Amino acid sequence: MEDLQRTLASNLRRYRLQAGLSQEEIAERMSVDRAYVSGLERGRRNPTLSTLVSAGQALGVPVATLLTEEPTSEEAPKRVRAPRRKPTG
C-alpha cells in the first residue's frame with residue numbers, strides 16, 4: 001500500500017507542476033483544503049475514490065494515470081536489434 005501512496009503522491013505533484021498549478025489552485029479545483037493536497041503529495045493521506053476522481057478531473061488525467069508508476073529511464077524498455085545475418089554464398 002505504501003508503494004501506491006508513493007506513486008500517487010509523485011504523480012499528483014508531477015502533473016500539478018506540469019499544469020502550472022499551485023497546491024492552492026488544485027485544492028480549489030478539487031474542493032479540498034490546500035493542506036489536504038500537501039498531505040496527498042507527501043503520501044500522508046489516503047484519498048477516497050471520489051477524491052481521486054476529483055484530482056484526475058482537476059488535472060485532466062485519468063485516475064488510472066495517477067495510480068500508475070511511470071518507468072524511470074533505467075527501467076524503460078529498450079529496443080533490441082536482431083543480430084545481423086551473415087551473407088550466404
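The values are calculated or read from the model by the stated rules, or taken from the named source; none is laboratory data. All values reported here derive from a predicted model rather than from experimental measurement. As a convention, Cβ positions derive from the backbone with ideal geometry for all residues, glycine included, and neighbour counts pool all protein chains shown.
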Qualifying residue in region 49-59 (condition: part of a helix (DSSP H, G or I) and either charged (D, E, K, R) or at positive phi (or both)): no
Filter pass, residue 49 being at pLDDT 95 or above, surrounded by 12 or more Cβ atoms within 10 Å (Cβ to Cβ) and of a type outside the set (Gly, Ala, Ser): no
Within region 1-33, of all residues that are surrounded by 17 or more Cβ atoms within 10 Å (Cβ to Cβ) and of a type in the set (Val, Ile, Thr), the one farthest from residue 64 (Cα to Cα) is 32
